[in-house]
Amino acid sequence: MSQQETIIGIDLGTTNSCAAFVDGYKDGVPNVKLIPYKGGEYTIPSIFAVDDKGNELIGYEAKRQWQLNPKNTIYGSKRLVGRSATSDIVETMKKVVQYGVKPSYDNKEVTIEVAKKEMTLQEVAARILNKIRDVASNYLKVPVNKAVVTVPAYFSDRQRQSVKDAGKLIGLEVVRIINEPTSAALAYGVGKTLNQKVCIYDLGGGTFDVSIIEIRNQVFEVKATGGDIFLGGIDFDNAMIHYVLTEFQSKTGIDLSTDPVAMQRIKDLAERTKIDLSSREEAPFNIPFITMTPQGQPLNIEMKFTRKLLEKLTVELVDRTLKIVAKVLVESGLSTRDLDEVMLVGGQTRMPVVQERLTKFFSKPPSKGVHPDEAVAIGAALYAFSLSDDTNLKLQLLDVIPMAIGLEKADGQMHQVFPRNSPIPNAKQITGTTSVNNQSELIMRIWQGDHEKANENEQLGEFTFSGIRQGPAGNVKVEITFDVNVEGILTMTARDPDTGKDMKTTVRVTQS
Ligand code: AMP
């Protein structure tokens with residue numbers, strides 16, 4: 001394969017990102033290599049910051065100064081990408097991050113504030129993608145202009161579109177978006193001759209995804225998928241932070257939650273302690289000089305965490321993941337006995353209780369068939385390789401949409417055009433008629449989500465079809481086509497079925 005055309009695979013994670021590529025064949029199978037950063041780590045923190053001199057920092061450089069500069073250090077931004085400013089998720093995020101989160105000037109989407117400047121989430125994602133691209137270009141010694149990028153299976157159309165737009169901002173063509181669990185299944189199945197049904201349980205830094213996938217040699221068919229875009233390692237950290245703050249306040253009467261630097265120190269230690277507790281039963285939780293009494297006396301945090309306490313504080317989070325697994329399994333039409341393997345993806349699956357609960361649920365231990373941190377990038381690289389010119393690797397991905405897509409009816413209820421788990425690509429047509437004489441346009445609001453009330457879901461846009469033929473009410477037809485592509489992205493078109501003439505379609509995103 002000529003290096004000029006290398007399409008890399010990028011796992012754009014909530015906490016860490018990772019990139020990989022295929023370097024030809026080895027022993028008849030594609031030889032996947034992870035791209036190292038400065039010769040060492042294979043992951044780059046998905047963090048963007050601006051320091052007090054106005055320099056932009058990305059990755060480790062941004063993470064290093066996080067404690068001292070929490071207001072201008074943007075982490076976990078993937079959770080906000082493609083969200084409208086009024087979304088509940090944005091409200092929750094505002095409470096746990098130290099940086100400013102607010103509606104954009106046109107109130108369409110959410111933006112963040114860094115170094116007193118407003119930035120869109122696409123711009124933040126573009127900075128992180130650019131860093132990964134630079135690292136890859138340096139390593140491969142050729143410019144990298146194309147990538148396959150993974151997203152959580154539970155990402156909506158708008159979130160997928162935002163990732164593509166982020167690529168456009170830096171001239172990186174996102175040739176294909178694929179779902180993270182599907183990508184992990186590729187890492188497991190490519191190069192083997194398998195006929196298996198697998199469950200991919202992906203609990204990363206910010207999101208939880210589960211997919212039931214049937215692998216038939218090089219065909220990867222997703223039977224059902226589900227998840228929670230707001231459930232990941234960060235929530236385990238937050239449960240610990242909440243506990244520490246409550247204990248400290250009950251002892252000293254001081255609320256540390258309003259002190260950004262103290263919060264950052266607690267956040268850092270909470271994550272490190274959580275990770276430690278995956279390999280030991282207890283760990284100290286000490287932070288010297290966290291604050292001062294009104295009299296100027298320094299105060300320390302001196303506590304201890306046990307694995308049992310961590311498990312108690314986070315049991316509800318693990319329960320939530322298992323409820324989703326049970327639901328997705330029912331939707332796939334399979335039972336636990338039908339599954340050949342349960343695969344763990346995402347750093348948070350290293351927590352022993354997660355593995356114990358899954359072992360109980362499936363009556364067998366999870367497989368060690370894929371590397372939890374690397375599988376997603378490896379799968380993306382394999383898929384990227386299958387798209388390149390000189391390859392024998394032919395992969396077929398049959399994926400589904402994670403949430404229903406539909407339109408708002410006159411009574412505000414959602415009419416599902418595509419139910420959840422509909423296979424993609426997929427197209428459907430509906431035909432409407434004009435309701436007033438000489439109606440020239442038709443407006444339709446489109447939503448994604450499983451709630452029966454349309455405005456409880458995420459709005460994908462308000463589509464206006466204009467140039468309708470003049471005629472009496474009820475006499476002119478409008479045929480609307482909903483087209484969801486292989487990436488789970490919707491486009492809408494309309495035509496007059498009597499004349500065959502296409503209508504003009506414009507879209508805008510409004511608030512519910
Ligand atoms: P990922 O998005 O897959 O990189 O997952 C990162 C998440 O996994 C972060 O929330 C980490 O704190 C968490 N994590 C990483 N290693 C461990 C570990 N050994 N035990 C528990 N959580 C971990």
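Between the amide H of Ala85 and those of Glu109, Val110, distances stay under 5 Å, these residues lying 5 or more places away or on another chain, with hydrogens modeled in the peptide plane. The angle between the Cα long axis of helix 352-362 and the longest principal axis of the Cα atoms of the chain comes to about 40 degrees, rounded to the nearest 10.
In this simple spin-label model, placing a label point 7 Å from the Cα along the Cα-to-Cβ direction at both Arg272 and Glu462 gives a separation of 5.1 nm.
Computed over the stretch 229-388, relative contact order equals 17 percent, with contacts defined as Cα pairs under 8 Å that lie 6+ residues apart. Rounded to the nearest 20, the size of the Cβ-charge dipole of the chain about its Cα centre is 320 debye, with Lys and Arg at +1 and Asp and Glu at -1. Against the chain, whose longest principal axis is taken from its Cα atoms, helix 260-276 shows a tilt of about 90°.
What trypsin sites (Lys or Arg not before Pro) in the stretch 257-301 are in a loop by DSSP, with at most 15 other Cβ atoms within 10 Å of the Cβ?
Filter output for the stretch 257-301: Arg280.
Between helix 307-332 and the chain, what is the angle of the helix's C-alpha long axis to the longest principal axis, kept within 0 to 90° and rounded to the nearest 10? Here the helix axis deviates by roughly 20 degrees.
Just flag the trypsin sites (Lys or Arg not before Pro) in the stretch 82-179 sitting in loop per DSSP whose Cβ has no more than 13 other Cβ atoms within 10 Å. It would help to have the intermediate numbers written out before the result.
Working: sites: Arg83, Lys94, Lys95, Lys108, Lys116, Lys117, Arg127, Lys131, Arg133, Lys141, Lys146, Arg158, Arg160, Lys164, Lys168, Arg176; in loops: Arg83, Lys108, Lys116, Lys141.
Within the stretch 82-179, the qualifying trypsin sites (Lys or Arg not before Pro) (loop, at most 13 other Cβ atoms within 10 Å) are Lys116, Lys141.
Cβ crowding within 10 Å, taken as a proxy for footprinting-reagent exposure, orders Glu5, Glu214 from fewest neighbours to most as Glu5, Glu214.
Stretching Lys409 away from Glu61 to a fully extended chain increases their span by 120.3 nm, per 0.36 nm per residue minus the current alpha-carbon distance.
Just to verify a number: FRET efficiency for Asn286 and Val486, C-beta to C-beta distance, R0 = 51 Å, to 0.05? Approximately 0.50, to the nearest 0.05.
Let me know the whole percent of all Cα-Cα pairs from the chain that are separated by more than 44 Å. Please report the intermediate quantities before stating the final value.
On the way: 23459 of 130816 pairs.
So the pairs more than 44 Å apart make up 18 percent of the total in the chain.
For the stretch 155-278, the Stokes-Einstein estimate of translational diffusion at 20 °C and a viscosity of 1.002 mPa s comes to 121 µm²/s, using the Kirkwood hydrodynamic radius over alpha-carbon pairs.
Annotation: the stretch 234-387 has a Kirkwood hydrodynamic radius of 18.1 angstrom, from the mean reciprocal C-alpha pair distance. For chymotrypsin sites (Phe, Trp or Tyr not before Pro), the sites in the stretch 85-158 that DSSP calls loop and that have at most 11 other Cβ atoms within 10 Å are Tyr105. Think of the chain as having a plus end and a minus end, set by charges on the Cβ of Lys, Arg, Asp and Glu; of Ser77, Ile170, Leu140, Leu140 sits farthest toward the positive end of this dipole. If R0 is taken as 22 Å, the Cβ-Cβ distance between Lys251 and Arg320 corresponds to a FRET efficiency of 0.10. A P(r) calculated from all alpha carbon pairs of the stretch 405-508, with 5 Å bins opening at zero, reads 3, 13, 22, 23, 20, 12, 6, 2 percent. A helix-only calculation puts the chain at -9000 deg cm²/dmol for mean residue ellipticity at 222 nm, using -39500 (n - 2.57) for each DSSP H run of at least four residues, averaged over all residues. Take the Cα of Glu41, step 7 Å toward its Cβ, do the same at Asn107, and the gap between the two points is 4.1 nm. For the pair Lys312 and Ala473, a Förster radius of 60 Å applied to the C-beta separation gives a FRET efficiency near 0.40, rounded to the nearest 0.05. The alpha carbon radius of gyration of the stretch 352-391, expressed as a multiple of 2.2 N^0.38 Å, is 1.73.
This model, with +1 at the C-beta of Lys and Arg and -1 at the C-beta of Asp and Glu, gives the stretch 69-213 a dipole about its Cα centre of some 280 debye. Across all Cα pairs in the stretch 158-229, the calculated P(r) in 5 Å bins from zero up to the longest distance comes to 3, 15, 21, 19, 17, 15, 7, 2, 0 percent per bin. Along the axis of the charge dipole computed for the stretch 186-285 (Cβ charges of +1 for Lys and Arg, -1 for Asp and Glu, origin at the Cα centre), the listed residues Gln218, Phe208, Val261 are led at the positive end by Gln218.
Taken about its Cα centre, the stretch 405-508 carries a charge dipole of roughly 260 debye when the Cβ of each Lys and Arg holds +1 and the Cβ of each Asp and Glu holds -1.
Rounded to the nearest Hz, the phi-derived 3J(HN,Hα) couplings of the stretch 445-456 under the Karplus curve 6.51 cos²θ - 1.76 cosθ + 1.60 (θ = phi - 60°) are 9, 10, 10, 10, x, 9, 6, 6, 8, 4, 6, 8, where x marks glycine and proline. Expressed as a fraction of 2.2 N^0.38 Å, the C-alpha radius of gyration for the stretch 232-324 is 1.14.
A short reminder: the numbers here are calculations on the coordinates, not readings from a lab. If you're wondering where the values come from, they're calculated on a predicted model, not measured in any experiment. Ideal geometry is used to build each Cβ from the backbone, glycine not excepted, and the neighbour counts take in all protein chains shown.
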